[in-house]
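Remarks on the structure that follows.
The values are calculated or read from the model by the stated rules, or taken from the named source; none is laboratory data. Note that this is a predicted model, so its numbers are computed, not measured. No Cβ is skipped: glycine too gets one built from the backbone with ideal geometry, and neighbour counts run over all protein chains shown.
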Amino acid sequence: MRAIYSVGALILAAAAFGLAQQAQKPVENPPPAAAGTVMSNPHYEISEEDKARKNPLPFTDVSVERGRKLFASQCAMCHGATGDGKGELAKDMNVTLPDFTKPATLQKRTDGELFKILSLGNEAMPPQDKRMSEIHRWQIINFLRAAGGAVPKKSTGQEVTDEQYVEAH
């Protein structure tokens with residue numbers, strides 16, 4: 001008889017745990033991308049204010065290098081080491097990601113739009129606004145511009161550190 005009660009208690013505990021886990025998941029997140037989904041042009045509703053937002057970091061070789069390092073550790077697994085969209089996870093998930101090494105990919109996007117997209121995420125990419133600081137997202141945008149062929153200015157030696165940026169913002 002005790003065995004029946006023990007099994008029943010275990011089943012109830014497992015069900016309660018499962019319900020608690022589901023309750024923690026945000027409802028507003030869309031379902032994962034279906035196999036074979038092309039992620040090269042997702043639709044975003046970005047305000048004019050967001051579009052007009054300027055990158056506060058100068059586009060220098062220092063900010064690009066900082067962005068490259070972040071991209072390598074945070075983004076390359078999906079977007080590829082060079083930003084070509086051919087990372088291992090993209091292959092595993094069977095999604096086609098944009099090729100940031102082609103200048104036309106980002107040509108029509110402002111830095112403000114890219115910042116918003118990176119912050120919001122999409123059905124295949126989680127939002128980065130809670131994972132990465134603001135300065136890191138701007139540095140990644142500078143790297144993406146360089147990956148697409150834009151040539152950064154030489155370092156002035158005056159680039160702000162992450163700590164200085166955080167203090168100022």
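Starting from residues that are more than 9 Å from the chain's Cα centre (by Cα) and without any contact (Cβ under 8 Å) to a residue 12 or more places away in the chain, keep the ones in the range 108-123 and report whichever is surrounded by the most Cβ atoms within 10 Å (Cβ to Cβ).
Only one residue fits best here, namely Arg109.
Just to be sure before I move on: is Ser155 in a loop (DSSP other than H, G, I, E, B) and of a type in the set (S, T, N, Q) in the structure I sent?
The answer is yes for Ser155.
Of Pro98, Pro152, Pro126, Pro103, which residue is under 24 Å from Lys51 (Cα atoms), surrounded by fewer than 18 Cβ atoms within 10 Å (Cβ to Cβ) and touching a residue at least 12 places away in the same chain (Cβ under 8 Å)?
It is Pro103.
Yes/no per residue for (1) of a type in the set (S, T, N, Q); (2) part of a loop (DSSP other than H, G, I, E, B); (3) at pLDDT below 95:
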{"position": "Ser40", "(1), (2), (3)": "yes, yes, yes"}
{"position": "Lys54", "(1), (2), (3)": "no, yes, no"}
{"position": "Lys69", "(1), (2), (3)": "no, no, no"}
{"position": "Gly85", "(1), (2), (3)": "no, yes, no"}
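From Gly83, Gly67, which residue is under 15 Å from the mean Cα position of the chain (by Cα), closer than 28 Å to Ala168 by Cβ and of a type outside the set (Phe, Trp, Tyr)?
Gly67 is the lone residue from the list that is under 15 Å from the mean Cα position of the chain (by Cα), closer than 28 Å to Ala168 by Cβ and of a type outside the set (Phe, Trp, Tyr).
Output the residues belonging to the range 52-93 that are surrounded by fewer than 16 Cβ atoms within 10 Å (Cβ to Cβ) and of a type in the set (A, V, I, L, M).
Ala52, Ala72, Met77, Ala81, Leu89
List every residue pair whose Cβ atoms sit under 6 Å apart, with the two residues 6 or more apart in sequence or on different chains, where the first one lies in the range 47-58 and is under 16 Å from His136 (Cα atoms) and the second, anywhere, is among the acidic types (Asp, Glu).
Asn55/Asp111
Please go through (1) hydrophobic (A, V, I, L, M, F, W, C); (2) at pLDDT below 95; (3) in a loop (DSSP other than H, G, I, E, B); (4) crowded, with 17+ Cβ neighbours inside 10 Å for Ala34 and return the number of the only condition it doesn't satisfy.
Condition not satisfied by Ala34: (4).
Residues of the range 87-126 being assigned to a loop (DSSP other than H, G, I, E, B) and either farther than 15 Å from Ile140 by Cβ or among the β-branched types (Val, Ile, Thr) (or both), which ones? It would help to see each step written out before you state the result.
First, pick out the residues of the range 87-126 that are assigned to a loop (DSSP other than H, G, I, E, B): 87, 94-95, 97-102, 108-110, 121-126.
Matches in the range 87-126: Asn94, Val95, Asp99, Thr101, Lys102, Lys108, Thr110, Asn122, Glu123, Ala124.
So, Glu49, is that one out of contact with any Leu (no Cβ under 8 Å at 6 or more places or on another chain), modelled with pLDDT of 50 or more, among the acidic types (Asp, Glu) and surrounded by fewer than 16 Cβ atoms within 10 Å (Cβ to Cβ) or not?
yes
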